[in-house]
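Trainee: Let me give you the structure first, and then I'll get to my questions.
The values are calculated or read from the model by the stated rules, or taken from the named source; none is laboratory data. Just so it is clear, the structure is predicted and the values come from calculations on it, not from any experiment. Here the Cβ is made from the backbone with ideal geometry for all residues, glycine too, and neighbour counts use every protein chain on show.
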Amino acid sequence: MTARAVEKLPVALAAPRALLWREAVRRFRRHRLAMIGATVLLVLVGAVVAGPLAWRLPVNEIDFTQKLKGPTWGHPLGTDDLGQDLLARVLYGGRISLAVGVAAMLIAISIGTAIGAASGYVGGAVDHTLMRITDLFLSLPQLPLLLLIVYLFRDALRKALGPEGGVFVLVVAVIGGLRWMPVARLVRAQFLSLREKEFVEAARSLGAPPLRQVVRHILPNSMGPVIVAGSLDVAAAIIAESTLSFLGLGFPPDIPTWGRLLFDAKDNLDFAPHWAIFPGTAIFLTVLSINYIGDGLRDALDPRRVLSR
C-alpha cells in the first residue's frame, strides 16, 4: 500500500465510522430504560439549573415561625428546623452534587486513560509498574481513606480557597483520585488489543510517531468502554459525596448538598420525614437514571452488537 493510499484511509473510513456511531445512537434510543433514565436526568438537571431562577426564596433564609413545616403552597417541599425552604435548598444542593459527580468523573477518566494508554501501548516494565500501582490503589479501603484525607486537609483548604471552594476542590480531587483504577484497566485492555491491528501497523510502518498512533488511531477506538465507565463514575461520585456529607465531613451546613440535607435531617425523621425524603429521592433518581444510561451506552457501544446488525 502506498503512502498516499494510507493517507486517504481516514477519509475512506469516515463514512463507515459515522454509520457505526449512527447505529449506536439508534440502539441507545431503542433501549427503553436508558431513554427513561435520560429523560429523568434531563428533568433533574433542568430543575437544578433553572429552578433557582424561578423559585427565588433565599437558600439560607431563617424563619422560626415556619420550622419543620410539611409541604405547603408556600413551601412545596416543607421546611427544616430553622424554617429554611427545602425546595430552594434541594435545587441549590443539586447543582453542587451534580457538579461534584461530573468533575470527579473527568479527573478519574483523565488519570485512568493516561495510565491505561501508557501501560497498554508501551508494555514491558512500564506496563508492569503501572499495573502494580493500579493494584495497590485497588487494594486500599476507599471509604476510610476518603474520610481520612478529607478530615486531614479540609480545614487547610477552607482557609486557602474559602468554605465552599476549598471543600469542593478537596472532595472532587479525592473522589476522582480514588476512582481511576477501573478505567486504567479498561483502557489498557483496549490498547493491548488494538496496538497490533492492521491500521495501527500501517501507521507505524509509515513512520507515524507514537503519540500520533495513540491519539489518532488507538484512543478513538477505545472510547466506548471509557464512556460507559465515565457515566457510572458520575453516579459513584455523587454517592461518595453524599456519604461524606452525611457523615459530617463534606460541605458545611450553609452549603446544602443532598448528602448534607440528609445529615441535617437524621435527628428529625420521626416528626419531619419530608426533610430526608426529598433529597434522598433526588439522589435515588439521579443515581438510578445514570445507571440506566450506563446500561444503554454499554449495549449501544458494544461493537459486537453493532456489527451484528
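Trainee: Anything in segment 218-262 that is in contact with a Phe, Trp or Tyr (Cβ under 8 Å, 6 or more places away or on another chain) and among the charged types (D, E, K, R)? List them, or say none.
Mentor: R260
Trainee: Residue check: is K8 among the charged types (D, E, K, R) and either modelled with pLDDT of 75 or more or surrounded by 15 or more Cβ atoms within 10 Å (Cβ to Cβ) (or both)?
Mentor: Spelling it out, it is not the case that K8 is among the charged types (D, E, K, R) and either modelled with pLDDT of 75 or more or surrounded by 15 or more Cβ atoms within 10 Å (Cβ to Cβ) (or both).
Trainee: What pairs come up if the first residue lies in segment 99-127 and is closer than 19 Å to A240 by Cα, the second is surrounded by 15 or more Cβ atoms within 10 Å (Cβ to Cβ) and among the aromatic types (F, W, Y), and their beta carbons are under 6 Å apart, counting only those six or more places apart or on different chains?
Mentor: A108/W180; I111/W180; G112/W180
Trainee: May I ask you to list the residues in segment 44-75 that are surrounded by 12 or more Cβ atoms within 10 Å (Cβ to Cβ) and closer than 30 Å to P225 by Cα?
Mentor: If the condition is that a residue be surrounded by 12 or more Cβ atoms within 10 Å (Cβ to Cβ) and closer than 30 Å to P225 by Cα, then L44, V45, A47, V48, V49 are the ones that fit.
Trainee: Mind listing whichever residues of segment 88-127 are buried (at least 24 other Cβ atoms within 10 Å of the Cβ), under 21 Å from L262 (Cβ atoms), in contact with an Asp or Glu (Cβ under 9 Å, 6 or more places away or on another chain) and among the small types (G, A, S)?
Mentor: Listed by number, the residues that qualify are S97, G101, A104.
Trainee: Now, a different point. Hey, among M181, M131, which residue is closer than 29 Å to F28 by Cα and surrounded by 15 or more Cβ atoms within 10 Å (Cβ to Cβ)?
Mentor: Of M181, M131, the one residue that is closer than 29 Å to F28 by Cα and surrounded by 15 or more Cβ atoms within 10 Å (Cβ to Cβ) is M181.
Trainee: Out of all the residues in segment 169-185, is one or more assigned to a helix (DSSP H, G or I), among the small types (G, A, S) and touching a Lys or Arg at 6+ places or on another chain (Cβ under 6 Å)?
Mentor: There is no residue in segment 169-185 that is assigned to a helix (DSSP H, G or I), among the small types (G, A, S) and touching a Lys or Arg at 6+ places or on another chain (Cβ under 6 Å).
Trainee: Hey, another quick one. Report, by residue number, each residue of segment 223-281 that is surrounded by fewer than 23 Cβ atoms within 10 Å (Cβ to Cβ), among the small types (G, A, S) and within 23 Å of N60 (Cβ to Cβ).
Mentor: G248, A265, A272, A276, G280
Trainee: Further question on the same structure: Is at least one residue of segment 239-255 assigned to a helix (DSSP H, G or I), of a type in the set (S, T, Y) and touching a Ser or Thr at 6+ places or on another chain (Cβ under 8 Å)?
Mentor: So the first thing to find is which residues in segment 239-255 are assigned to a helix (DSSP H, G or I), and the list is 239-246.
So of that shortlist, the ones also of a type in the set (S, T, Y) come out as 242-243, 245.
Applying the additional criterion that residues be touching a Ser or Thr at 6+ places or on another chain (Cβ under 8 Å) yields 242, 245.
There is at least one residue in segment 239-255 that is assigned to a helix (DSSP H, G or I), of a type in the set (S, T, Y) and touching a Ser or Thr at 6+ places or on another chain (Cβ under 8 Å).
Trainee: Looking at (1) buried (at least 16 other Cβ atoms within 10 Å of the Cβ); (2) among the charged types (D, E, K, R); (3) under 26 Å from the mean Cα position of the chain (by Cα), which one does R195 not meet, given that it meets all the others?
Mentor: Unmet for R195, out of (1) buried (at least 16 other Cβ atoms within 10 Å of the Cβ); (2) among the charged types (D, E, K, R); (3) under 26 Å from the mean Cα position of the chain (by Cα): (3).
Trainee: Hey, among L152, L147, which residue is under 23 Å from the mean Cα position of the chain (by Cα) and part of a helix (DSSP H, G or I)? Let's see the steps before the verdict.
Mentor: Numbers: L152 fails: under 23 Å from the mean Cα position of the chain (by Cα).
Just one listed residue meets the conditions, L147.
Trainee: Condition check: closer than 19 Å to A104 by Cβ and out of contact with any Phe, Trp or Tyr (no Cβ under 8 Å at 6 or more places or on another chain). Does A184 satisfy that?
Mentor: Judged against the criteria, A184 is a match.
Trainee: Quick test for you: out of L53, L82, pick the one residue that is out of contact with any Phe, Trp or Tyr (no Cβ under 6 Å at 6 or more places or on another chain), under 30 Å from V174 (Cβ atoms) and without any contact (Cβ under 8 Å) to a residue 24 or more places away in the chain.
Mentor: Criteria check complete, one pass: L82.
Trainee: Is it the case, given these coordinates, that F263 is outside any loop (DSSP other than H, G, I, E, B), among the aromatic types (F, W, Y), without any contact (Cβ under 8 Å) to a residue 60 or more places away in the chain and under 18 Å from M35 (Cα atoms)?
Mentor: Criteria not met by F263.
Trainee: Now for a separate question. G165: exposed (fewer than 15 other Cβ atoms within 10 Å of the Cβ), modelled with pLDDT under 85, outside any helix (DSSP H, G or I) and of a type outside the set (S, T, N, Q), yes or no? Write out each step before concluding.
Mentor: Details: exposed (fewer than 15 other Cβ atoms within 10 Å of the Cβ): yes; modelled with pLDDT under 85: yes; outside any helix (DSSP H, G or I): no; of a type outside the set (S, T, N, Q): yes.
Considered against the rule, which asks whether it is exposed (fewer than 15 other Cβ atoms within 10 Å of the Cβ), modelled with pLDDT under 85, outside any helix (DSSP H, G or I) and of a type outside the set (S, T, N, Q), G165 comes out as no.
Trainee: Further question on the same structure: For G296, state whether it is under 19 Å from the mean Cα position of the chain (by Cα), in a helix (DSSP H, G or I) and under 30 Å from F153 (Cα atoms).
Mentor: No; evaluated as a whole, the condition is false for this residue.
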